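Quick note: the coordinates plus some simple rules give every number you see, no bench work behind them. As the structure is a computational prediction, the values presented were derived from the model and not from experiment. Glycine also receives a Cβ, built like all others from the backbone with ideal geometry; neighbour counts cover every protein chain displayed.
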Amino acid sequence: MKRILVIDDAATVRLYHRDILEAAGFAVSEAVNGLEALERIAEAPFDLYLVDINMPKLDGYGFLRELRGKDIPQVPSIMVSTEAAANDQTLAYVSGANLYLIKPVRPERLLSHVLTLLGLASAPLSPHALNGIAGSAP
């Protein structure tokens, strides 16, 4: 089972992403900021990171720079933020993001990108993967 770390200071956002990802069969862990995320990574490896920009202690840009500087296997990172300026996207990619999405992200769009970055794009989703997820198509 692929492991995803959701890094966001907003509990509601973490829960939203967790619900989507767990419904699709992923194991999800959470961190409330970049420092906590680095601690989680030291405990066990992950297959993908879903990262917010604006967080206390260590923001998403700083987290990605720290992560990309570590001598560990590097895995995909998706930066998801309300920041919509072109400069924010550029900073995300320079910091080490593989993809930049603007919140709110529809469940099917998030899953499509996650599956692609994990090399699972041809893997079928469970027919019930998005049932009951707010914002998913009926």
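Modelled label positions at residue 84 and residue 15, each set 7 Å beyond Cα in the direction of Cβ, lie 2.6 nm from each other.
Taking only the C-alpha atoms of segment 3-117, the Rg (one decimal) and the largest Cα-Cα distance, Dmax (whole number), read 12.6, 34 Å.
In order along segment 68-82, the phi-based Karplus estimate (6.51 cos²θ - 1.76 cosθ + 1.60, θ = phi - 60°) of 3J(HN,Hα) comes to 5, x, 7, 8, 9, x, 8, 10, x, 10, 10, 8, 10, 8, 7 Hz; Gly and Pro are listed as x. Put a dot 7 Å past the Cα of residue 39, heading toward its Cβ, do the same for residue 103, and the two dots end up 2.1 nm apart.
Let me have the 222 nm mean residue ellipticity of the chain computed from DSSP H runs of 4+ only, each contributing -39500 (n - 2.57), with the sum over all residues rounded to the nearest 500. Don't skip to the end; give the middle numbers.
On the way: 5 runs with 53 residues, N = 138.
One gets -11500 deg cm²/dmol as the mean residue ellipticity at 222 nm.
Look at the Cα gyration tensor of segment 20-84: its axes a ≥ b ≥ c give a/c of at least 1.5 with a/b at or below b/c, and that counts as oblate. Got the relative contact order for segment 3-117 handy, in percent, Cα pairs under 8 Å and 6 or more residues apart? Taking the mean separation of contacting Cα pairs over the length of segment 3-117, I get 24 percent.
Under 5 Å from the amide H of residue 99 lie the amide H atoms of 77, 79, each residue being 5 or more positions distant or on a separate chain, with H modelled from the backbone and absent for Pro and chain starts.
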